[in-house]
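Everything below concerns the one structure shown next.
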Amino acid sequence: MKKIIIILCVMFVSGAMNIFTSCTDDLDAFPYNETDFTSENAYGSDFENYLSGLAKIYLSWSNISDLKVDDGGASELLRAYWSIQECSSDACKNNWKGDAWTQDINQNTWSTASNAATYAIYARTLHGITYVNEFLRQTTDDRLKQRGCSSEVVAKVHQLRSEARFVRAYMYWIAIDTFGDVPFVTEDSDFGAVTPEVGTRSQVFDYIVTELEDITANDSPMADAGTLYPRADKGAALGLLSRIYLNAEVYRSTVDANGNVTAKGEPMWQECKAVCEKIFELNYGLCSNYFDLFRGDNGENPDARKEMLFSVYYDKNNNFSWGGAYFLVAASYQGADELKDENGNSLYYMGISTPWAGVRMPYEYARDYFGVSVPESGYAEDGTYTGEYDYSDLRAGEFYIKGHSEVMSDIGVFSQGWSYYKWNNRPHDKTPAEYAEVAAGNSGASIDIPLIRLAEIYLNYAEACLHLNSTGVAVPYLNELRNRAGLMNDISTYDRDYIIKERAVELSWESLRRTDLIRWDLFHSSTFLWNWKGGSYNGQGFSEYKLVFDFPDTELVSNSNLSHKPGYN
Amino acid sequence: MKQKVINRVWLSITGLFLLFSLQSYSQDAQNRVAGTIVDAAKVPIIGATVIEKGTMNGTVTDFNGQFELELTQSPATLQIRMVGYSTLEVAAEPEMELTLKEDVQMLDELVVIGYGSVKKEDLTGSVSAIKAEEINRGAVNSSYELLRGKVSGVLVLPGGDIRIRGTSSLNASNDPLIVVDGVPLNYNGLSSVNPDDIETFTVLKDASSAAIYGSRAAGGVILITTKKPEANQKLKVSYNGTFSVSDYDGKRDVMGADEFRGFIRDLYAGSPSDLAVANSLMGDENIDWINEVTQLGLGQTHNLALSGTVFDGHLPYRVAGSVIHNRGTVKDDWSVRPNLSVNLSPNFLDNHLVVNFNARINTRFDDDGNASYGNATNFNPTTPIYFYNEDGSIDYDTNQGFWIRSTGRGDNLIPASNAQTNPLQYKRLKYDYREDYGYVASSAITYQVHGFEDLSFKLTTSIDGTNFARRERIRPDHWELINDGLAPGVGTYYKTHGYKENRMLESLVTYNHDFSGHKVNAIAGYTWQHFNYYDSNETRFNDDYNNEVSDVHYKKDELYGTIYKHGEEHFLVSFYTRLNYSFMSKYLLTVTLRNDGSSRFAPDNRWGLFPSLALAWNLKEESFLKSSELFNQLKLRAGVGVTGQESGIANYSYLANYILSSSTSNQYPMGGDELTFWLKPDAYDPNIKWEETTTYNVGLDFGILNGTVSGNIDAYKRKTNDLLNSVTIPLGANFSNSLLTNIGNIENKGIEVALDFHAIRKSDMSLNIGVTGTMEDTKFTKLTIGDDANNADYYIPVGGIGVGTGGYIQQQKVGYSPNIFYTYQQAYDANGEAIQNALVDRDGNGLIDMNDRYLSGKKPLPDFYYGLNVKFGYKNWDFGFNGHGSKGNWLFNNYRRGHSTTARTDLSYDRLPNYHTSVLETGWTDTNSDPQNYSDYWLEDASFFKIDDVNVGYTFKNVIEKQGSSLRLAATVNNVLTITDYSGVDPETGIAGNGDQGIDGRSDPRIRTFTLRAMLNF
């Protein structure tokens, strides 16, 4: 009996003691399923995982899955940024009146209220930046060694880090271009439920420059130009640097409490010129046919590829979205304009199945920059076009105007204005008839969107040289662009107006128009007008504070370091 | 001679004396009684009242429990009364030893508290104990329904969620911890316990009593003891069965077919082209879709319990089984729930070693048909139900016969884009089946040390888990699949299955000692818990629906098949101790301390300390009240304690959770032949920590007039710090714009009262009235985003209503109740009718913009909620009802908002859903503007009083040849009556749940049930 009692006592006590000592280690619990990862085990020592991490960063432009917003497609970065850059200018108007914000952008009447486009730009850029910061935190040499990465993997990850930093620099460029001062976070910032600090526009500008200069330095692990398509390489970084330098005056300017520019910033024309020349030494060249650059097979077409310094990859099956390439194609045309074969079947000219009828170019823009004209026979009795128009610049060859009308008295009517088929999903070497069957099943587009291409560098160069009074060196580059456009009469000199016109055509609908107009002091100006500018049909100037957009409402609430932009109250 | 005379006199005197004494003796036998009163343990009872029945004649027992009394009547009956004991009536006899039985309802009742039990009079905290048998139970099939309206401070929500003292947490859990026979339930809710197995409920409401459960007790604790076999008990059998019929207590008011046709023609009368389209979308049928999809609900339950002992009384057992079968009120909806529970409590070594083994299995098979009521309210009443062949028979070859707007027949069926799902077809072409297998098993070994009986050790191991599976199959001819672009003949198969399991190991040392008025009860314990969760789901596309899906039929298109697996675990390690001390049963003290470590948090935030202190003063034991006739109980309590909340917080939430995508749209060419899927971190807060709630409680327990009125009053204040909430966070700080993080502090204050009137206590008639009431006020006291209540920017938006851009209807804001409504102000015309899209320009700037929204002060939480229970017995009849209600709670009637206007884009979408007659009331025809959607017009006072059930029963005693056997027959109506001004189906929708609280989108009316019950015991 006594024995049993002693045994029981020992059992109870020792049982308890045993547990005491081992239990607290259990609290370091991690997911045990092999497909469940935390930062502790997600990367490991396998290089492929680091590539996957970087894939997320490249998807910052197009991916829409991880933000709580209402309309995923409308909130895609490329579509949102494209919309504010083009629709706010003379180059394009969006007829979707149902989205209230599109009218505000069309007519420069936006206010403090959030709009889906600026919210998307704000959210997507900062989101992308945050992923880059995390990637950089997770890939320090110390972390890699802790995870047992080989020195070979460590070296390869260095290259990935530079690419990530390029993406971050690009995101910051979009952010300061849109908003001016923006929240400024790097891999060294606090993380969690914290309130990010704000960096001034010029501060962030300096940061972008430093970062880009660093990753394009000779000893940088960044890949050589043209070797990693569509990933970023030194060519991409130099290209962005050229754009950044070109706009230095704007990004370093100072504004007063009302949002008026009090002083332009120190320009960087010399730096711009130098970096362009550096790019010229690289292995890039113009694509022989202008429109091949914007076709569904552009990423696979070596001729198109050689002009692209950096592009965002899209594919109708993989990395498909409603807001990128598909938007540009679908929104550009309407069903009524579909070309038909002799049997009346659609030829699916644009290489996709369904049109959205959203964006088109005002007639005046086509006329003034593309040099188009409509002969008398081009007008039907009711004043609409029969479809005929004259042009000499090959870049004006993809307008569709049949049944459209010249005057855009109602922004909400798609057929008022010129349909512009620049973005076309049909492969460059396929006729509509050859591709119609495939196109009928395409509910996605495969155009890689070139964000930086050689022609822009030529024009950046020419503009910088103009400011430096050394136009002579740039003339050959401008003639190269002219010749490709079928304009064989070479120029020997050029002026500011030539640059304005040439950029308007060559870089039309490529998300650069608003930035260009701001740089030329034409965006809000009351002397440079277009229809619907400033909210009036005849056009009028608008307040200078609108050179940047206000922060989204929700961010003004959640980030106590933010306040309304000067002028917006 | 003289001697003779003396002798004679002596004799006579003696004789007389003798005679006298004999006479007086015989007189005593009739008029004077004496006795001793003891309790069950043969301990004398001091101060018991002994009264000659029907007179004012009486006395009290002395220190030895003895009494003497001269009677005035013969024969006489004595009544012996003592607080805490049942009143005893006996025929008077000259010498008596009487044993008073402890009254289980009274003070000496043992009340289960965390890790032990105390006598009710020794309680220091705010603890409510109720016996399941004694409450007016109506006809409940779920254990939570037993609690509704019975305990002050406890709100039982329609779905079974329980709130003890309101809401103090937003995103973490507000659910109380449920502990059944010492085992905290994790993966089996209260509803897993068969109500017939429950012996008692104990609700630990304040932190001083709940703090012993530390990090899981912030929502309060409900302790349940199940019925146990008694030692040496003879076989007892009890059967309890019900049969019920249920139906909706109302019907959604939608247009009939003729009304609809007329309405649509009037609506589009002005536009011939629209009218033509509308006409083409209307048929000649007259279908009442709600009738088509609903049916009478039928339910039956059978419970059978056996208990007794075997092995010479050494092995008491209880075995109970039950089956609940329910046919729902929506077609094809049914569930079956078989349950089994076993309890064994063998004892060894002269009762020093007791083993308690409990096991329960609760299973549930469920085919859920609820999806179609909402569909039926919207479906066009003029269209047919079926496709018909020319001969009038149903054309089963086309969409299984179910009509949808389409062209073509058979395999050539092409549904119209945006066609509405036929409400009947939705179920019939889809198979959705769930199985849950819940199990709880525990064994506790208690050893009371021989020779040192004050000390005992207890070792408990338990397991609590659920295996679950859900299968959904969609027939290949289901048009939704055709619309999704799948090849005809390909069905989908979706299966998810997994398990949740918690293992617990606990050791506890208890020390009890009584010495000269001092009573000490001390415990120290350690608990280790491991929570394990696993699930896997797979989606497959199958070309042969009729065959069981197997890997052979994996999928037609590789692209679409996915298998996903997920597992996680969590550990909780706790050390705790408690001291209960009482001096002369007058002054009581409880001190507890618990230290919890949870793997959910970063090492720096991992451990939490949860102390509590409580004092009580038993005034009744003081000399000035001891003999009070008025009070039979009076106790003052005060306590303070800290509890935590780790439930509701995801595992590993302090670490970034990384996801490797498998979605084709989440890949990018990174070199090589294949595209690379992204790997991305989810948002996380590295500094996340538990919510901590500090509760202050003052309470008074009283019993008046020998328990005729008894009750308690408690006042409390709860402060929750580091409140967790999912909030919009500034971009740039994380990987999402939404994150669960600690956002601030909340405070709630309340007063709760529970009263019990024994209005009639006669042997053949009784009336008990129970009333509970709770007044409560909840406010944010701090938000990390900003504390200044006057700063309009400092708020957290919550309460999405599903329309508009980034829309929300509520705020969390310092100084206000949670989810305070934030609306535009509706404008009305001269007749008081709301004008559509006319809102008040509150800031007078000529625009209706965000600045015109205002905080109405209206909130989803009630100011006051209450319960009323009445139980009346007369001879073998019993009658009762239960009701509960609330006051001051508001609801946003999102359902009414969604059906307030005729403006829709039906025609362009080639569909014409039915209208609710509410559009006739508003007369609105335009699309609601964003501000209209967020108008205070939709806010309604949702105060209500509900009669939850009314029941009547009759008990036949000794129905069979066995003493104590009984048969009770009863009838009950559930959901009898709701008194409210609220216009939606149920004012209690979202009253205090998490998430969408205060927003009512419910379409189907509540269900009323009529039940017949038979209970047989022998």
**Report entry** B:G159 being at pLDDT below 75 and either on the phi > 0 side of the Ramachandran plot or part of a strand (DSSP E or B) (or both)
**Finding:** no
Query - Residue satisfying condition, being polar (S, T, N, Q), over 30 Å from A:V312 (Cβ atoms) and without any contact (Cβ under 8 Å) to a residue 12 or more places away in the chain, within set B:S710, B:S726, B:S763 - result: B:S763
Report summary line: Taking the range A:535-569 and keeping only residues that are of a type in the set (G, A, S), buried (at least 19 other Cβ atoms within 10 Å of the Cβ) and more than 14 Å from chain B (Cβ to nearest Cβ), one is left with A:G539, A:G567
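Looking at this structure, is A:D71 outside any helix (DSSP H, G or I), at pLDDT below 95, of a type outside the set (A, V, I, L, M, F, W, C) and more than 21 Å from B:V803 (Cβ to Cβ)?
Considered against the rule, which asks whether it is outside any helix (DSSP H, G or I), at pLDDT below 95, of a type outside the set (A, V, I, L, M, F, W, C) and more than 21 Å from B:V803 (Cβ to Cβ), A:D71 comes out as no.
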Report task. Considering each of A:N258, A:N283, A:N319 in turn, give the residue that is modelled with pLDDT under 95 and at positive phi. Result -> A:N319
**Report entry** Residues (surrounded by 24 or more Cβ atoms within 10 Å (Cβ to Cβ) and of a type in the set (D, E)) located in the range B:711-730
**Finding:** B:D714
Report task. For the range B:787-802, indicate whether the set of residues that are within 9 Å of chain A (Cβ to nearest Cβ), under 25 Å from B:T693 (Cβ atoms) and without any contact (Cβ under 8 Å) to a residue 40 or more places away in the chain is non-empty. Result -> yes
Report summary line: Residue hits (the range B:763-779; buried (at least 17 other Cβ atoms within 10 Å of the Cβ) and of a type in the set (S, T, Y)) are B:T772, B:T774, B:T778
Query raised in the report: Conditions: (1) part of a strand (DSSP E or B); (2) more than 23 Å from the chain's Cα centre (by Cα); (3) within 30 Å of A:V557 (Cβ to Cβ). B:K858 meets all but one. Number of the miss?
Result: (1)
Query raised in the report: So B:N742 clears everything in (1) within 9 Å of chain A (Cβ to nearest Cβ); (2) within 23 Å of B:Y816 (Cα to Cα); (3) at pLDDT 85 or above except one condition, right? Which one?
Result: (3)
Query - Filter result for the condition that a residue is at pLDDT below 85 and surrounded by 16 or more Cβ atoms within 10 Å (Cβ to Cβ), over B:S209, B:S246 - result: B:S209
Query raised in the report: Do we find a residue being farther than 27 Å from A:P267 by Cα, more than 14 Å from every other protein chain (Cβ to nearest Cβ), more than 22 Å from the chain's Cα centre (by Cα) and buried (at least 20 other Cβ atoms within 10 Å of the Cβ) anywhere in the range A:476-484?
Result: no
Report task. For the range B:720-737, state whether one or more residues are assigned to a strand (DSSP E or B), at the interface with chain A (Cβ under 8 Å from one of its Cβ atoms) and of a type outside the set (D, E). Result -> yes
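Here's the yes/no breakdown for (1) away from chain B (no Cβ under 14 Å); (2) out of contact with any strand residue (DSSP E or B) (no Cβ under 9 Å at 6 or more places or on another chain); (3) in a helix (DSSP H, G or I); (4) β-branched (V, I, T):
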| position | (1), (2), (3), (4) |
| --- | --- |
| A:T102 | no, no, yes, yes |
| A:A117 | no, yes, yes, no |
| A:T125 | no, no, yes, yes |
| A:G128 | no, yes, yes, no |
| A:Y131 | no, no, yes, no |
| A:L136 | no, yes, yes, no |
| A:C149 | yes, yes, no, no |
| A:R168 | no, yes, yes, no |
Query raised in the report: Which condition does A:T109 not pass, out of (1) in a loop (DSSP other than H, G, I, E, B); (2) facing another protein chain (nearest Cβ under 10 Å), if it passes all the others?
Result: (2)
Query raised in the report: Taking the range B:282-304, which residues are over 20 Å from B:P384 (Cβ atoms) and either part of a helix (DSSP H, G or I) or touching a helix residue (DSSP H, G or I) at 6+ places or on another chain (Cβ under 7 Å) (or both)?
Result: B:N303
Query raised in the report: If you take the residues in the range B:571-599 that are without any contact (Cβ under 8 Å) to a residue 60 or more places away in the chain and within 14 Å of another protein chain (Cβ to nearest Cβ), which one is surrounded by the most Cβ atoms within 10 Å (Cβ to Cβ)?
Result: B:V573
Report summary line: Scanning the range B:948-980 for residues that are more than 22 Å from B:R148 (Cβ to Cβ) and touching a residue at least 24 places away in the same chain (Cβ under 8 Å) gives B:Y954, B:T955, B:F956, B:K957, B:V959, B:I960, B:K962, B:G964, B:S965, B:S966, B:L967, B:L969
Query raised in the report: Which members of the range A:25-66 meet the condition of being modelled with pLDDT of 80 or more, facing chain B (nearest Cβ under 7 Å), part of a loop (DSSP other than H, G, I, E, B) and under 21 Å from B:H530 (Cβ atoms)?
Result: none
Query raised in the report: Does any residue in the range B:86-98 that is under 19 Å from B:T72 (Cβ atoms) and at pLDDT 80 or above come within less than 7 Å, Cβ to Cβ, of a residue that is in a loop (DSSP other than H, G, I, E, B) and among the basic types (K, R) six or more places away or on a different chain, and which pairs are these?
Result: B:E89/B:K53
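Yes/no matrix, rows are residues, columns are (1) in contact with a Pro (Cβ under 9 Å, 6 or more places away or on another chain); (2) outside any helix (DSSP H, G or I); (3) of a type outside the set (A, V, I, L, M, F, W, C):
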site	(1), (2), (3)
A:G472	no, no, yes
A:N489	no, yes, yes
A:T493	no, yes, yes
A:D521	no, yes, yes
A:N531	yes, yes, yes
A:G541	no, yes, yes
Requested in this report: Within the range B:894-909, identify whether any single residue is more than 14 Å from B:N933 (Cα to Cα) and modelled with pLDDT of 85 or more, and answer yes or no.
Outcome: no
Query - Residues (in a loop (DSSP other than H, G, I, E, B), at the interface with chain A (Cβ under 7 Å from one of its Cβ atoms) and in contact with a strand residue (DSSP E or B) (Cβ under 7 Å, 6 or more places away or on another chain)) located in the range B:641-669 - result: B:Y652, B:L655, B:A656
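Residue-by-condition table, conditions (1) crowded, with 24+ Cβ neighbours inside 10 Å; (2) in a helix (DSSP H, G or I); (3) away from every other protein chain (no Cβ under 12 Å); (4) touching a Leu at 6+ places or on another chain (Cβ under 7 Å):
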| position | (1), (2), (3), (4) |
| --- | --- |
| A:D188 | no, no, yes, no |
| A:F191 | no, no, no, no |
| A:T195 | no, no, no, no |
| A:D219 | no, no, yes, no |
| A:A232 | yes, no, no, no |
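Take B:G832 and tell me if it is out of contact with any His (no Cβ under 7 Å at 6 or more places or on another chain) and either free of Cβ contacts under 8 Å to residues at least 24 places away in the same chain or among the aromatic types (F, W, Y) (or both).
Working: out of contact with any His (no Cβ under 7 Å at 6 or more places or on another chain): yes; either free of Cβ contacts under 8 Å to residues at least 24 places away in the same chain or among the aromatic types (F, W, Y) (or both): yes.
Criteria met by B:G832.
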Query raised in the report: When you look at A:A436, is it part of a helix (DSSP H, G or I) and within 23 Å of A:F399 (Cβ to Cβ), yes or no?
Result: yes
Query - Tally, over the range B:403-454, of residues that are modelled with pLDDT of 85 or more, away from chain A (no Cβ under 14 Å) and either assigned to a strand (DSSP E or B) or closer than 30 Å to B:N347 by Cα (or both) - result: 10
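The values are calculated or read from the model by the stated rules, or taken from the named source; none is laboratory data. Keep in mind the model is a prediction, meaning the values are calculated, not measured. Because the Cβ atoms are built from the backbone with ideal geometry, glycine has one as well, and the counts that use them run over all protein chains shown.
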